[in-house]
Amino acid sequence: MTNPLLTDWTTPHGLPPFDMISDDDFAPAVDVALDEARSAIAAIAENPDAPTFANTIEAMELAEVTLGKVLGVFYGVAGADSNPAREALQRDFGPKLSAFGSEITENKALFARIEDLWTRRADLDLSDEQSRVLMLTRRGFVRQGALLVGDDAVRLRDVKSRLSVLGTQFTQNLLADERSWFMPLAEADLEGLPDFVIATARAAGSEKDAGGPVVTLSRSLIVPFLQFSPMRDLRKRAYDAWVSRGENGGETDNRGIAAETLALREERAKLLGYETFADYKLETEMAGTPDAVRDLLMQVWTPAKAAAEADAKVLERMLHADGFDGPLEAWDWRYYSEKRRQAEHDLDEAALKPYLQLDRMIEAQFACANRLFGLEFAPLEGPVYHPDVRLWEVTRDGEHVAVFIGDYFARGSKRSGAWCMAMQSQHRLGGEVRPHVVNVCNFAKPEDGQPALLSYDDARTLFHEFGHALHQMLSDVTYESISGTSVARDFVELPSQLYEHWLEVPEVLSEFATHAETGEAMPADMLQRMLDVATYDMGFQTVEYVSSALVDLAFHDGPAPRDPMQKQAEVLEGIGMPHAIRMRHATPHFAHVFAGDGYSSGYYSYMWSEVMDADAFAAFEEIGDPFDPALAKKLEDTVLSSGGSVDAKELYKQFRGRLPGVDALLKGRGLDAA
Ligand SMILES: [Zn+2]
């Protein structure tokens, strides 16, 4: 019998025939696809003809067509609808695929062809997009060590493998510390806690067999405990434990791992010819250099710190009014800030909820895309991987653009969070291929017959992921390796965060935020309060984030510190960290930076993207029309359709006429007055 993953799909728009695919089909299909890709790569490397762009770079783009098709389906269902068989396959495929990746970058004959094209690039008569793909392909090889020979090559491999062991250990130590600590609460200690916190504390207590409610270090329990518990001594105990994760001495202490990791990263960067690890990491980013990152962070730091210090004074007066002497401490901030929030911005979440219906918010995200880009969305019948999944055909002027797949409800088989992925990416090489794009969320599923209701945060998530989907659906490139969201890490959140701004456009909410029972529009003052709350306590949030980002940068921008804890203390001292705020992630539990390479000297990128989305939306505000057709077209022609075919900085300049500034972000965070 033929494997349904390996046949031509005759379904509507070539969607994967989910009803015919069983879990037993994945492993053999991956094996066949890997064999096919290996032979294709070998044929390119051994081709007796002189290298050309077509017989080398384009042939590489086409080498993994089947593999991409099979893995698109597999990773789609493995994330959104897993089961033990799929989890086992995932564990199995990970090492197989990473070995295949190394085989390619270590293939000397293949790299020699790429290098030959690279040296002759001026004479090859390449289009801009082709030049870019050649540059990116070569750079990917070089960054993996393709130019190294002999001892250096061996050492690089050892360094990489040791780094991956250290990353795993760091994560496991952190988990061990998080799991082992808990604080039992007597009935009297529950005073002041809302019902949902008490319920979570009781559930955690029975899970730990503690014979009563407990506080654990899980963010969803400790944060509300610090927010609501009036017991100052208990808050201090819990807070101390929370910020000491990875720093408790003994087997699970992460301080040594952090030091070794930083030293090895520096060595890795030096082997590859970079001065520092930050230079190596930022080379592929829009920010480009450590100085550009530091400059941005400091522009935000100064007003954020001023706002936080002003807030600290207010909160400290509240502390003193409660009969405590001395300064406001870190374990006090969330408690007094919550009290102040309730006094100043009372927002009744329960009254708000019926106004934010999932179906109407989906209509809203489609309506905005229609007004901005002329896209139309029609429900589509076709194969799906789970009965909750919905399909739409996306068209423009009657022409097919994409299939949009919405998978919105939480279930046990889905991993947490929300994300966007393309099961099939737009490209033209080898024939026009239109995207199949999935948005996956974890909204609470209503009882039968009831409308699904969202929180405002949920609605923002919906728009955020749809912004990523637009980046995929409007992609207009030839080569798949640069399609859609295949862009720099500090650029990829621009389309998604930017799209969130259309949810804040009052006319959108007043049309689509209608009461589930009465159908009435949300009252204007409720709408305004909902939008205001989103910027509450931004001084605190910005300070805890930016301080972490500055420490991350300092770790990697220069010689590796022998004692990272001392370096951390120096950085915080240097920027004048406010007394009652700590880093969002201190070094021994800074998983973004030490659990792997992903966000090392890259933690800044959340802020970088936010600077851009605020600045980009300000372009619409300056014109005075959030749906200005000419500006929307410009946004599509530059940022949304180009994928990685143009350098991110250049794309942004084409859209905005200049690089982004921080003013709009400071205004959006309410920090401009400070
Ligand atoms: Zn995102």
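The values are calculated or read from the model by the stated rules, or taken from the named source; none is laboratory data. These numbers were taken from a predicted model, which means no experiment stands behind them. When we count neighbours, we look across all protein chains shown, and the Cβ atoms used for this are built from the backbone with ideal geometry, even at glycine.
Quick rundown of the values:
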read-out: Looking only at the stretch 116-145, and only at residues there that are in contact (Cβ under 8 Å) with a residue 24 or more places away in the chain and over 33 Å from the mean Cα position of the chain (by Cα), the one that is surrounded by the most Cβ atoms within 10 Å (Cβ to Cβ); value: L117
read-out: Unmet requirement for R428, which otherwise passes all of (1) surrounded by fewer than 16 Cβ atoms within 10 Å (Cβ to Cβ); (2) of a type in the set (D, E, K, R); (3) modelled with pLDDT of 95 or more; (4) in contact with a helix residue (DSSP H, G or I) (Cβ under 7 Å, 6 or more places away or on another chain); value: (4)
read-out: Of residues in the stretch 304-329 being out of contact with any Ser or Thr (no Cβ under 7 Å at 6 or more places or on another chain) and surrounded by 19 or more Cβ atoms within 10 Å (Cβ to Cβ), the one nearest to V571 (Cα to Cα); value: K305
read-out: Residues (in a loop (DSSP other than H, G, I, E, B), out of contact with any Lys or Arg (no Cβ under 8 Å at 6 or more places or on another chain) and farther than 30 Å from R411 by Cα) located in the stretch 369-399; value: D397, G398
read-out: Residue in the stretch 49-65 that is under 17 Å from G94 (Cα atoms), modelled with pLDDT of 95 or more and surrounded by 19 or more Cβ atoms within 10 Å (Cβ to Cβ) present; value: yes
read-out: Elements of type helices (runs of 4 or more DSSP H) contained in the stretch 172-278, each with 2 or more residues being β-branched (V, I, T) and under 31 Å from the mean Cα position of the chain (by Cα); value: 195-207, 219-228, 255-271
read-out: Residue ranges of helices (runs of 4 or more DSSP H) in the stretch 2-97 with at least 3 members under 20 Å from F111 (Cβ atoms); value: 26-45, 59-63
read-out: Y599 aromatic (F, W, Y), within 16 Å of the ligand (Cβ to nearest atom) and crowded, with 23+ Cβ neighbours inside 10 Å; value: no
read-out: Pairs where the first residue, in the stretch 233-247, is closer than 18 Å to D189 by Cα and the second is assigned to a loop (DSSP other than H, G, I, E, B), C-beta under 6 Å, 6+ apart; value: R235/S229; A241/W181
read-out: Residue selected from the stretch 447-485 under the condition assigned to a loop (DSSP other than H, G, I, E, B) and within 15 Å of the ligand (Cβ to nearest atom), by the criterion surrounded by the fewest Cβ atoms within 10 Å (Cβ to Cβ); value: T485
read-out: Test result for D125, acidic (D, E) and modelled with pLDDT of 95 or more; value: yes
read-out: Cβ pairs under 7 Å, 6+ apart, first in the stretch 646-674 and under 23 Å from L134 (Cα atoms), second part of a loop (DSSP other than H, G, I, E, B) and of a type in the set (S, T, N, Q); value: L651/S642
read-out: Residue within the stretch 362-369 that is within 16 Å of the ligand (Cβ to nearest atom) and acidic (D, E) present; value: no
read-out: Residue within the stretch 504-527 that is closer than 30 Å to T261 by Cα, at pLDDT 95 or above and surrounded by 16 or more Cβ atoms within 10 Å (Cβ to Cβ) present; value: no
read-out: Residue in the stretch 415-430 that is away from the ligand (no atom under 14 Å from the Cβ), of a type outside the set (D, E, K, R) and free of Cβ contacts under 8 Å to residues at least 12 places away in the same chain present; value: no
read-out: Contacts under 6 angstrom Cβ, first residue in the stretch 453-473 being β-branched (V, I, T), partner within 10 Å of the ligand (Cβ to nearest atom), 6 or more apart; value: T461/A418
read-out: Answer from M565, M583, M577 - the residue that is at pLDDT 95 or above, assigned to a helix (DSSP H, G or I) and among the aliphatic types (A, V, I, L, M); value: M565
read-out: Filter pass, V440 being out of contact with any Ser or Thr (no Cβ under 7 Å at 6 or more places or on another chain), modelled with pLDDT of 95 or more and more than 15 Å from the ligand (Cβ to nearest atom); value: no
read-out: Residue selected from the stretch 488-542 under the condition assigned to a helix (DSSP H, G or I) and of a type in the set (D, E, K, R), by the criterion farthest from the ligand (Cβ to nearest atom); value: D525
read-out: First in the stretch 19-44 and hydrophobic (A, V, I, L, M, F, W, C), second anywhere and not in a helix (DSSP H, G or I), Cβ under 6 Å, 6 or more apart; value: A29/N3; A37/E64
